[in-house]
Number of protein chains: 2
Amino acid sequence: MSLLAVGTVALDHIETPFASQRNVLGGSATFLALAARFFTDDVRLVAAVGDDFPDAYTAMLRDAGVRLNGLEVQPGGKTFSWTGRYHYDFNSRDTLDTQLNVLETFQPVVPEAFRDARIVCLGNLEPSIQADVLGQMSAPAYTILDTMNFWIEQTPDALAQTLRLVDCLIVNDAEARQLADDPSLIRAASKIRTMGPKTLIIKKGEHGALLFSDDTVFAAPAFPLEDLHDPTGAGDAFMGGFAGYLARCRAVTPHTLRRAVVCGSVVASFSVEAFGPARLLSLTQAELNARTRAYEQLAFIPAEED
Amino acid sequence: MSLLAVGTVALDHIETPFASQRNVLGGSATFLALAARFFTDDVRLVAAVGDDFPDAYTAMLRDAGVRLNGLEVQPGGKTFSWTGRYHYDFNSRDTLDTQLNVLETFQPVVPEAFRDARIVCLGNLEPSIQADVLGQMSAPAYTILDTMNFWIEQTPDALAQTLRLVDCLIVNDAEARQLADDPSLIRAASKIRTMGPKTLIIKKGEHGALLFSDDTVFAAPAFPLEDLHDPTGAGDAFMGGFAGYLARCRAVTPHTLRRAVVCGSVVASFSVEAFGPARLLSLTQAELNARTRAYEQLAFIPAEED
């Protein structure tokens, strides 16, 4: 089934305690799409860049199998740019600079051919823009929203309206607490699930993720990694793996939601192994399958012996 | 099979943002024993208290089925006392006061009748004391060690010697990093497993635990709780559940180690529901079994659908 990923495509300048790189291909839609393509071959990207966006990056995305009809190039505009520095433990980072550039006036237009996408991923953008994109879709089977502290704080009403429209919200633990105004993750999850989304995923970085759907909770571990190179985009890669798997399923069920979280976790575990999307670009299906088996072993609880 | 728990029995003064209580029954051996007794009925406690230790608390332990031949009462001595205050998020706490009292001169003597215990839990104590207790045991099938940052910093040589003697080490993530002098938990685990213990458990509080044994890793989730009342002793309760389950098994295998971690996690999830050991004292086998089933559901990954 088809998947639409609307979000940002960016040029990132990333610094870690061990290395730094400038003009790294980035953006939520980039990671989303590059992750989702392992699960479905109809990945439809909607984003905007400036004419400073390198042809080589456009080619990378196209060669990776992402459909780019919805990638708008604004003449005279500059691509969204983020500059960040990760701390030693990689769990926290400072945003040193954000240049919205073309994002300042981005009004996504979903190409006609993209409008019947079945799985719709609304990557992190201003909530009313996310709602507008949703309004352009003809028959989504499942809609997934990402947001961030900035919108929770700055545009609560728009976010509340957009939340009512979607099936699933994916946020991290700090955002979940902030959105629900509750320090307890479990209570926060209950509150958020009255705001619209029946399904909630709370990402906990190196501590895995929690899936709240129906009346059950799934605690998905994080794949243990010896070396972390760059966590940029891992959350978006998670969303892409999650949504991509659902795009492949006949139906969204408690069963397939859990498998989808597994897929998201596995893909995200690869994305952090190199700068920007490099590892997602080099990743093979065989590697993905092998780590999925390893992930199942990681979480496996044997039955009680007699 | 029998289990020996050597550690502290204390009078704690606990403060949370919501409540406070003084002279709460505490100590690593207390929580260890009260947890282990759900899995084996031969729980042998070795610790020391002063003559200020309330008879009512001694009765509580005895009525709970813990064997107290090894509970030494030092005449004229005062019981070990800890005063702590938890922060709003319960993940961190301040130790406001520690009165070692009888612990200052505690030289555990394992009663003759206790010396053939099969599972030996060396609760957090000075490492050479832990080694001394181990030396008094006649035929342990499995030995488990707990330690803390204080010993890692202050008595590294004694700790190194004691580590070489045990089968399993249980520490939290900060302690694992400190012990291995490595920020990567995975690398830290590899290093620690060359120091003696073939099996390592890294506790991550609200984020569950990691079990490293043989060439596999098990990521055990933490049971999601709406309300946390007092985390004091949860780590010791974990150890008690883990060790208690092993005491019940015919052999320690990769399979039974995973089940043991599940048992430790489930018991620990109860212990935090009330002040001190109150919940462990009121807990029933039926409640434990029900939550164990729920815990298995929490971690369950269904097979891929066709």
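The values are calculated or read from the model by the stated rules, or taken from the named source; none is laboratory data. From a predicted model like this one, the values you see are computed outputs, not experimental measurements. A quick note on method: Cβ atoms are made from the backbone with ideal geometry, for glycine too, and the neighbour counts reach across all protein chains shown. Note: accessible area is taken over every heavy atom of the protein model, side chains too, but ligands, DNA and RNA are not part of it. Shrake-Rupley method; radii C 1.70, N 1.55, O 1.52, S 1.80 Å.
Of note:
- 3J(HN,Hα) couplings calculated from phi for region B:90-100 with the Karplus curve 6.51 cos²θ - 1.76 cosθ + 1.60 (θ = phi - 60°) are, in sequence order, 6, 7, 10, 8, 9, 8, 7, 6, 9, 10, 4 Hz; Gly and Pro show x.
- In this rough spin-label picture, where each label sits 7 Å from Cα along the Cβ direction, the A:Asp116-A:Ala19 distance is 4.4 nm.
- Cβ neighbours within 10 Å from other chains - mean over B:220-228: 5
- Here the calculated FRET efficiency for A:Val109 and A:Asp41, from their Cβ-Cβ distance with R0 = 22 Å, stands at 0.40, rounded to the nearest 0.05.
- Normalised contact order of chain A, rounded percent, pairs of Cα under 8 Å and 6 or more residues apart: 18
- Rounded to 5, percent antiparallel among DSSP beta bridges of chain B: 40
- Label point 7 Å beyond Cα along the C-beta direction, distances from B:Pro111 to other copies (nm, shortest first): 8.0
- Based on the reciprocal of the average 1/r between different C-alpha atoms, the Kirkwood radius for region B:3-298 equals 18.9 Å.
- Cut-off under 5 Å, modelled amide H: who pairs with A:Lys204 long-range: A:Ala209, A:Leu210
- The 3J(HN,Hα) values that the Karplus relation (6.51, -1.76, 1.60; θ = phi - 60°) gives for region B:41-48 are, in residue order, 9, 10, 9, 10, 9, 10, 6, 9 Hz. Gly and Pro appear as x.
- Extension reserve of the A:Met195-A:Val73 stretch, reckoned as 0.36 nm per residue once the Cα distance is removed: 40.4 nm
- For the protein assembly as shown, the fraction of 1.4 Å probe accessible surface lying on carbon and sulfur atoms is 50 percent.
- In the elastic network of chain A, a GNM with C-alpha springs shorter than 10 Å, the most mobile of A:Ser184, A:Ser81, A:Ser28 is A:Ser184.
- Spin-label proximity, A:Thr253 to region A:3-22 - amide N less than 19 Å from point 7 Å beyond Cα toward beta carbon: none
- Between B:Arg85 and B:Gln178, full extension at 0.36 nm per residue minus the direct alpha carbon distance yields a gain of 31.1 nm.
- Within a Gaussian network of chain B (alpha carbon springs, distance under 10 Å), most fluctuating of B:Asp97, B:Asp215, B:Asp63: B:Asp215
- The residue of chain A whose Cβ sits closest to the rotation axis that maps A onto B, together with that distance in whole Å, is A:His207, 2.
- Counting only DSSP H runs of at least 4 residues, each contributing -39500 (n - 2.57), and dividing by the residue count of the protein assembly as shown, the helix-based mean residue ellipticity at 222 nm comes to -10500 deg cm²/dmol.
- With the label put 7 angstrom out from Cα along the Cα-to-Cβ vector, A:Arg62 ends up 8.5 nm from the copy partners, going from closest to farthest.
- Euclidean distance between Cα centres, region B:151-208 to region B:251-295, Å: 23
- Among the chymotrypsin sites (Phe, Trp or Tyr not before Pro) within region B:51-124, those in coil by DSSP and having at most 10 neighbouring Cβ atoms inside 10 Å are B:Tyr88.
- Each copy carries a label point for B:Gly76 at 7 Å from Cα toward Cβ; from one copy, the others' points are 9.4 nm away, ordered from shortest.
- Computed 3J(HN,Hα) for region B:270-283, one whole-Hz value per residue from the Karplus formula 6.51 cos²θ - 1.76 cosθ + 1.60 where θ = phi - 60°, is 6, 4, 7, 7, 8, 5, x, x, 3, 6, 5, 6, 8, 4, glycine and proline marked x.
- Remark: accessible area buried at the A-B interface is about 3400 Å², both chains counted, probe radius 1.4 Å.
- Here's how it looks for B:Leu71: its modeled amide H is under 5 Å from those of B:Ala47, which are all 5 or more places away or on a different chain.
- Measuring heavy-atom accessible area with a 1.4 angstrom probe and counting protein chains only, the residues of region A:174-206 that give up at least 40 Å² relative to the chain alone are A:Ile186, A:Arg187.
- Region A:96-119 and region B:35-59: distance between their alpha carbon centers, rounded to Å: 64
- With the simple model of a label 7 Å out from the Cα in the direction of the Cβ, B:Ser282 to A:Asn289 spans 5.3 nm.
- Hits among aspartates and glutamates - C-alpha to C-alpha of B:Lys198 under 15 Å, sequence gap 8 or more where chains match: B:Asp146, B:Asp167, B:Asp214, B:Asp215
- GNM remark for chain A: springs join alpha carbons under 10 Å apart, and the peak mean-square fluctuation among A:Arg115, A:Arg177, A:Arg22 falls on A:Arg22.
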